[in-house]
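Peer 1: Please read through the structure below; I'll follow up with questions.
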Amino acid sequence: MSTTLSGETGTMIDVPIYDMTGKQTGSMQINESLLGGRVRLDLLKQAVTAWRANQRQGSARTKSRGMVTGSTRKLYRQKGTGNARAGAARTPVRRGGGVTFAKTERPPRLDMPKKMRRLARNSALLAKLQSSDVLIVESLQLDQPKTKTFFKLLKALGAERGCVVALGAPNDIAYKSGRNIPKTEIRQVHELNAYEILRRRKVIFSKDAFETLVANPGRYRRKAAAGQ
């Protein structure tokens, strides 16, 4: 069974739907035009660079020669000792001295306008769609948290080597089932960003998450929840 979720003009991409056993049960279609129509590589690079830079703590601190405790007295006279010329002990060339280019503050954040971040996220997802690395699971409902069951599903889908799982609504059981699996990220669909989409091999949507994306590709949120 194939479901078309967009009446826009443009190339349609089929996204397979699987059940919890890893068996394909149908497919959905999404129009490339909903995600910008093309992959913008320069914008993706900018988004990834900004995201990674902003994850740094910026807590590194070093002291310049003016901040190091110690005398400014010249260590010994300029001539006649047979040693190389030397100044104060706080000079950067001596052990225990200051640092030439001391780090004293957090590096500035790299900001991107909201529209650019959203377009970068859509470009990342479009790139994954074009490479057939996006799939849908009918339902991620589990009776209880079970990592083994969740990993078995990922393995059946060929996503055990790394994936992002996008949920349409908070699901503690699914989150607890997948949080300990290496290279597996569990996110709500509106939390996705370009870096996390590109970082993992596969992107797995729950069916309601994918429907939310297609209905509102700008925000990845249900319009009712956003107060619209």
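Peer 1: Considering only region 201-220, how many residues are touching a strand residue (DSSP E or B) at 6+ places or on another chain (Cβ under 9 Å), surrounded by fewer than 19 Cβ atoms within 10 Å (Cβ to Cβ) and not in a helix (DSSP H, G or I)?
Peer 2: 1
Peer 1: Looking at this structure, is Ser131 in contact with a helix residue (DSSP H, G or I) (Cβ under 6 Å, 6 or more places away or on another chain), modelled with pLDDT of 95 or more and not aliphatic (A, V, I, L, M)?
Peer 2: Spelling it out, it is not the case that Ser131 is in contact with a helix residue (DSSP H, G or I) (Cβ under 6 Å, 6 or more places away or on another chain), modelled with pLDDT of 95 or more and not aliphatic (A, V, I, L, M).
Peer 1: Here is a further query. Quick one: is Leu198 more than 19 Å from Arg222 (Cβ to Cβ), in contact with a Leu (Cβ under 9 Å, 6 or more places away or on another chain), crowded, with 17+ Cβ neighbours inside 10 Å and modelled with pLDDT of 95 or more?
Peer 2: It is true that Leu198 is more than 19 Å from Arg222 (Cβ to Cβ), in contact with a Leu (Cβ under 9 Å, 6 or more places away or on another chain), crowded, with 17+ Cβ neighbours inside 10 Å and modelled with pLDDT of 95 or more.
Peer 1: Next question. What pairs come up if the first residue lies in region 126-148 and is without any contact (Cβ under 8 Å) to a residue 60 or more places away in the chain, the second is in a loop (DSSP other than H, G, I, E, B), and their beta carbons are under 8 Å apart, counting only those six or more places apart or on different chains?
Peer 2: Going by the 8 Å Cβ cut-off, the qualifying pairs are Gln141/Asn171; Thr147/Asn180; Thr147/Ile181.
Peer 1: Another question about this same structure. Hey, among Leu129, Leu140, Leu154, which residue is in contact with an Asp or Glu (Cβ under 6 Å, 6 or more places away or on another chain) and surrounded by 14 or more Cβ atoms within 10 Å (Cβ to Cβ)?
Peer 2: Leu154
Peer 1: Filtering region 103-142 down to residues that are among the hydroxyl-bearing types (Ser, Thr, Tyr) and in a loop (DSSP other than H, G, I, E, B), which residue is nearest to Lys45 (Cα to Cα)?
Peer 2: Selected residue: Ser131.
Peer 1: Turning to a different aspect of this structure: I'm trying to understand the selection: among the residues of region 63-80, which are surrounded by 10 or more Cβ atoms within 10 Å (Cβ to Cβ) and either within 52 Å of the chain's Cα centre (by Cα) or touching a residue at least 12 places away in the same chain (Cβ under 8 Å) (or both)?
Peer 2: Of everything in region 63-80, those that are surrounded by 10 or more Cβ atoms within 10 Å (Cβ to Cβ) and either within 52 Å of the chain's Cα centre (by Cα) or touching a residue at least 12 places away in the same chain (Cβ under 8 Å) (or both) turn out to be Lys63, Ser64, Arg65, Met67, Val68, Gly70, Thr72, Lys74, Leu75.
The values are calculated or read from the model by the stated rules, or taken from the named source; none is laboratory data. Keep in mind that this is a model prediction, so the values were computed, not measured. All Cβ positions, glycine included, derive from the backbone under ideal geometry; neighbour counts span all protein chains shown.
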